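The structure appears below as structure tokens.
Computed from the coordinates by the stated procedures, all read-outs in this text should not be read as laboratory data. Because the structure is predicted, anything quoted here is derived from the model rather than measured. For neighbour counting, all protein chains shown are included, and Cβ atoms are generated from backbone atoms with ideal geometry for every residue, glycine included.
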Amino acid sequence: MPPLSLLSFLQCAVALGLLNVWIVRARKATRFRGGAAKSLAQEFGVYGLPAWSCFVVGGLKIGAAAMLLAGLWIPALVPVAAGVVALLMVGASWMHARVKDPAIKSLPAALMLVMSAAIIALA
């Protein structure tokens, strides 16, 4: 494994954060869920999105997380994966704003967006 740099730290932080949300905590309530949702699936309902969109977004986020981790050895994957995450985080922030969530609920998406932008700049 390459030595830890700011880029590799950010890659791991974003990837592990996404995997935590989408695999470990997908069915658990958190203070950051949109509206009064208690799970990711319910959150997509709060946003008025079809049920299938949760699977599409989840697949994209888990795939991007895997690419960010693989990017520790295959650097060409990193900008693409970080770009996907950045676009999805813009969408997540917009959805929170659309349902008039308090700003704190958008904080994780905003942090992921900033870290993804930094990854793109550093990659």
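Quick notes
- So residue 58, is it in a helix (DSSP H, G or I), within 22 Å of residue 103 (Cα to Cα) and not hydrophobic (A, V, I, L, M, F, W, C): no
- Being of a type outside the set (Phe, Trp, Tyr), crowded, with 18+ Cβ neighbours inside 10 Å and in contact (Cβ under 8 Å) with a residue 24 or more places away in the chain holds for only one residue in 62, 104, 119, and it is 119.
- Single residue of 17, 48, 34 found to be closer than 19 Å to residue 113 by Cβ, among the small types (Gly, Ala, Ser) and either in contact with a Leu (Cβ under 7 Å, 6 or more places away or on another chain) or surrounded by fewer than 20 Cβ atoms within 10 Å (Cβ to Cβ) (or both): 17
- Qualifying residue in segment 2-10 (condition: farther than 20 Å from residue 81 by Cα and either in contact with a Lys or Arg (Cβ under 9 Å, 6 or more places away or on another chain) or not in a loop (DSSP other than H, G, I, E, B) (or both)): no
- Any hit, segment 99-114, residues being among the aliphatic types (A, V, I, L, M), out of contact with any His (no Cβ under 9 Å at 6 or more places or on another chain), within 15 Å of residue 6 (Cα to Cα) and part of a loop (DSSP other than H, G, I, E, B): no
- Taking the criterion of being surrounded by fewer than 21 Cβ atoms within 10 Å (Cβ to Cβ) and part of a helix (DSSP H, G or I), the residues of segment 70-85 that qualify are 70, 77, 79, 80, 83, 84.
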